[in-house]
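Read the structure below first, then the notes.
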Amino acid sequence: MLCAGLWIATKKIDYTWRWNRVPQYFIYNNETLVPTPFDGVVASVSNLGDQTQIKVVSENGEEKTFEVDSHTVEVSEGEDLFEGDYLGAVFEWRAGPLLKGLWVTLWISAVASIFGMIIGLVTGLCRVSNNPTLRSLSVTYIELIRGTPLLVQIFIFYFFLGTVLDISRIIAGISALAIFAGAYVAEIIRAGIQSIPKGQMEAARSLGMNVPQAMIYIILPQAFKRTLPPLAGQFISLIKDSSLVSIIAITDLTKSGREVITSTFATFEIWFVVAFLYLMLTSVLSQVIAWVERRLAVSD
Amino acid sequence: MIKTVDLKKTFIGRGQTVHAVDGVTAHIKPSEVVVIIGPSGSGKSTYLRCLNGLETSTSGKIEIEGVDLTSKKTDLNRVRREVGMVFQQFNLFPHKTVLQNIVLAQQVVRKRKDSEAEEKGRMLLKKVGIAEKEHEYPIRLSGGQQQRVAIARALAMDPKIMLFDEPTSALDPEMVGEVLEVMKQLAREGMTMVVVTHEMGFAREVADRVLFMDQGKLVEEGTPEHFFTAPQEERTKAFLRQVL
């Protein structure tokens, strides 16, 4: 139904679907032409199956061997060559912009998640600590980040901090994402810690553990289990929010998509493909977290 | 062994002040089993929790084996190692198996080797009669079994004193016996115990001394025979009429 509706709608505006243009932006067979570096003669051409070795001897006796794909050989033995003449070509599979963009999105999100988790954990612990300074510092940070749009934060990180501290766009982008996620993770961690019955801390303390030991061995493992579902949601959000860093010219999946569109005009196809790729990343993450949740459920 | 002098604990909240413990002076000797009874809200649990620093006393003095608990210089964690505590709600660690529950603090606090801690854990599980459950998670155990694990967990630290905070109040009636049996055995072995309980039978049979608290004050104390047969105070008599 949906597909039929889409098809009719696009028919109406005379849109021509060109799905065949999409795959080459994932992966493509790159042709590199192999030129001869000097004037000379082809000494030998030996076919080694898919590859062919071509030996060229220059006018002053210099010898050089090249390897090209057999079906591209353009010279034969004894032929005279001038500098820059092509001997043949080498074909190689290369990742296209979409695949490269997907990779950039993946690692930016992963790095930002790790730092976001660390920042969130530390801030969450400060938030529940007895020290009033730490508590109000963490509250200020959380309110500051939650109260402003991520896009504006990215701009501030890139244009202000990036200029003042001379940091690259990629570091500015990742820091903005990590610090943004950290604020939300902190609140999730705080809620998780506070959801553990007080008796757990008391039991740990009554056995002589100090507060850090009780946190590490007793409270945090239980809190982690409870906060896994909201944390998963947060990291899925982070993957999606990472598309905003394309605005400071980081070539992530979204920016790659935009670039591909400018050269193909296959606007609809590419945005569908980009959406599908994000969906793939997020659903893989969902699956992984669901698996961890099942593993942790043994003590229920 | 335990000495409290004019111990006070005041809770301040929502405009009202509650004197939960209001000047309790008591002295508990080594190997003595002291049972504290009293109506709910009488401050007996708060008093007990002050003895290992889970509650910070407002004023007065607490001395455990000569260490002043109220002094700022005292390392509470050191004191707590020597004072085991058993809670009404067991408070076992739900993410650890029975054996891990007993082993963890030995490793973390006492820095014992795995093998040593596990051996001790198994020995104690045998002692409280649930050796076969060592790999179960606490949730799979009955209340009585959980409380016995909690006792074993406290004993694993080799405490010199054991505090029991209404250890049988959260249990189904048919499981009370098995927990009391473990506690009686401990008492016979000469453990110094302070027990807050509503089990009058246990108090009568096991206690060396009974303390009766009401409204934060120590109203009366004495041997079980004296306490249950010839109480002096009017408040004690009224309480005993209701529970016996």
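The values are calculated or read from the model by the stated rules, or taken from the named source; none is laboratory data. Just so it is clear, the structure is predicted and the values come from calculations on it, not from any experiment. Cβ sites come from the backbone with ideal geometry, for glycine too, and all protein chains shown count toward neighbours. Surface areas here come from the heavy atoms of the whole protein model, side chains and all, with no ligands, DNA or RNA. Shrake-Rupley method; radii C 1.70, N 1.55, O 1.52, S 1.80 Å.
Computing FRET efficiency as 1/(1 + (r/R0)^6) for B:H198 and A:A110, where r is the C-beta to C-beta distance and R0 is 56 Å, gives about 0.50. Rolling a 1.4 angstrom probe over chain A with all protein chains present gives an accessible area of which 64% lies on carbon and sulfur atoms.
Between B:S142 and A:R169, the FRET efficiency from the beta-carbon distance, with R0 = 60 Å, is close to 0.45.
For segment A:24-176, a crude dipole built from +1 on the beta carbon of Lys and Arg and -1 on the beta carbon of Asp and Glu, taken about the Cα centre, is about 2160 debye to the nearest 20. Helices meeting the span-like rule in chain A (full DSSP H runs, Cα extent of at least 20 Å along the helix axis, mean Kyte-Doolittle score of 0.5 or higher): A:97-127, A:169-194, A:267-296.
Think of each Lys and Arg Cβ as +1 and each Asp and Glu Cβ as -1; about the Cα centre, that makes the dipole of segment B:183-237 roughly 100 debye.
Looking at segment B:131-244, the accessible area is 43 square angstrom per residue; that uses a 1.4 Å probe and ignores ligands, DNA and RNA.
Per q in 0.20 1/Å, what log10 I(q)/I(0) does a Debye calculation on the alpha-carbon atoms of segment A:154-297 return? The Debye formula, applied to the Cα set alone, gives -1.14. Projected onto the charge dipole of the protein assembly as shown (+1 at Lys/Arg Cβ, -1 at Asp/Glu Cβ, origin at the Cα centre), which of B:L124, A:I188, B:H95 gives the Cα projection farthest towards the positive end? Towards the positive end, the residue furthest out is B:L124. One decimal place: the segment A:A297-A:K11 gains 97.9 nm when fully extended, by the rule 0.36 nm per residue minus the C-alpha distance. Rolling a 1.4 Å probe over the protein heavy atoms gives segment A:1-115 an accessible area of 65 Å² per residue.
This model, with +1 at the C-beta of Lys and Arg and -1 at the C-beta of Asp and Glu, gives the protein assembly as shown a dipole about its Cα centre of some 3060 debye. Taking A:G162, A:G116, A:G147 as the candidate residues, the one with maximal mean-square fluctuation in a Gaussian network model of chain A, Cα springs under 10 Å, is A:G147.
With helices as the sole contributors, chain A gives -18500 deg cm²/dmol at 222 nm; each DSSP H run of n ≥ 4 counts as -39500 (n - 2.57), and the sum is divided by every residue. For the peptide B:83-96, the mean number of other protein chain Cβ atoms found within 10 angstrom of a residue's Cβ is 5. Once both labels are positioned 7 Å from their Cα atoms along Cα-to-Cβ, the gap between B:K73 and B:Q215 label points is 4.0 nm. A dipole drawn for segment A:1-152 from +1 and -1 charges on Cβ atoms has a positive end, and of A:Y86, A:V122, A:P132 the residue lying farthest that way is A:P132. Partners of B:K120 within straight-line reach, counting lysines whose Cα lies under 24 Å from its Cα and excluding those fewer than 8 residues away in the same chain: B:K96, B:K111, B:K133, B:K160, B:K184.
For the peptides A:4-14, A:127-137, B:74-84, the ranking by mean Cβ contacts within 10 Å, running from highest to lowest, is B:74-84, A:127-137, A:4-14. Excluding ligands, DNA and RNA and using a 1.4 Å probe, chains B and A jointly bury around 1900 Å² of accessible surface, summed across both partners. By accessible area, using a 1.4 Å probe on protein heavy atoms only, segment B:106-146 has 46% of its surface on carbon and sulfur. Label positions at A:L48 and A:T264, each projected 7 Å from the Cα along the C-beta direction, are separated by 3.6 nm.
If R0 equals 56 Å, the separation of the Cβ atoms of B:E116 and A:T65 corresponds to a calculated FRET efficiency of about 0.20. The mean number of partner chain beta-carbon atoms within 10 angstrom of a residue's beta-carbon across peptide A:239-248 is 0.
Need one word for chain A: rounded, prolate or oblate. Basis is the Cα gyration tensor (sqrt eigenvalues a ≥ b ≥ c); a/c below 1.5 gives rounded, then a/b vs b/c decides. Taking the square roots of the gyration eigenvalues as a ≥ b ≥ c, chain A is prolate. Taking the charge dipole of segment B:1-132 about its Cα centre, with +1 at Lys and Arg Cβ atoms and -1 at Asp and Glu Cβ atoms, the residue from B:I12, B:L48, B:V109 reaching farthest to the positive side is B:V109.
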